[in-house]
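Have a look at the structure below before the remarks.
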Amino acid sequence: MSAGGNSGFATPMEPPTVAVMGPVPNLPAEPDDDLDSYVGLDARTAEERARARGWTTVRTLPPGAIITMEYLRGRIDFEVDEGTVKRCWRG
């Protein structure tokens with residue numbers, strides 16, 4: 001078949017297809033917070049403090065929970081064991 005034929009393959013003369021992404025939105029800044037200050041608090045107090053400090057999403061997880069690792073701006077995660085925050089991280 002010739003180079004311009006209907007073989008289903010791109011010929012060396014065709015430019016590659018490029019996807020164009022939209023602009024990145026102006027995302028709000030995350031709270032400037034000391035995450036270690038939550039460790040040792042009871043879960044309810046930690047959640048109330050996090051919301052008061054500007055966190056939009058508060059997620060409480062048991063130890064060893066299987067979670068997705070996608071980053072969500074404005075989220076704070078608490079690992080809670082027996083009602084007490086044992087570990088804390090952003091997103």
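The values are calculated or read from the model by the stated rules, or taken from the named source; none is laboratory data. Source: prediction; values computed, not measured. Glycine also receives a Cβ, built like all others from the backbone with ideal geometry; neighbour counts cover every protein chain displayed. Surface areas here come from the heavy atoms of the whole protein model, side chains and all, with no ligands, DNA or RNA. Shrake-Rupley method; radii C 1.70, N 1.55, O 1.52, S 1.80 Å.
Counting only strands (runs of 3 or more DSSP E) that sit wholly inside the range 20-91, not one has at least 2 residues that are open to solvent by 40 Å² or more (accessible area, probe 1.4 Å) and among the aromatic types (F, W, Y).
Cβ contacts < 8 Å: first residue among the β-branched types (V, I, T), restricted to the range 44-58; second residue open to solvent by 80 Å² or more (accessible area, probe 1.4 Å), any location; separation 6+ or different chain. Result? From residues that are among the β-branched types (V, I, T), the pairs are V58/R51. Does P15 satisfy being farther than 16 Å from G91 by Cα, at pLDDT 70 or above, surrounded by fewer than 15 Cβ atoms within 10 Å (Cβ to Cβ) and not hydroxyl-bearing (S, T, Y)? Taking the combined requirement at face value, the residue does not satisfy it.
Residues that are of a type outside the set (S, T, Y) and in contact with a helix residue (DSSP H, G or I) (Cβ under 8 Å, 6 or more places away or on another chain) were ranked within the range 43-65; the one that is nearest to R87 (Cα to Cα) is A46.
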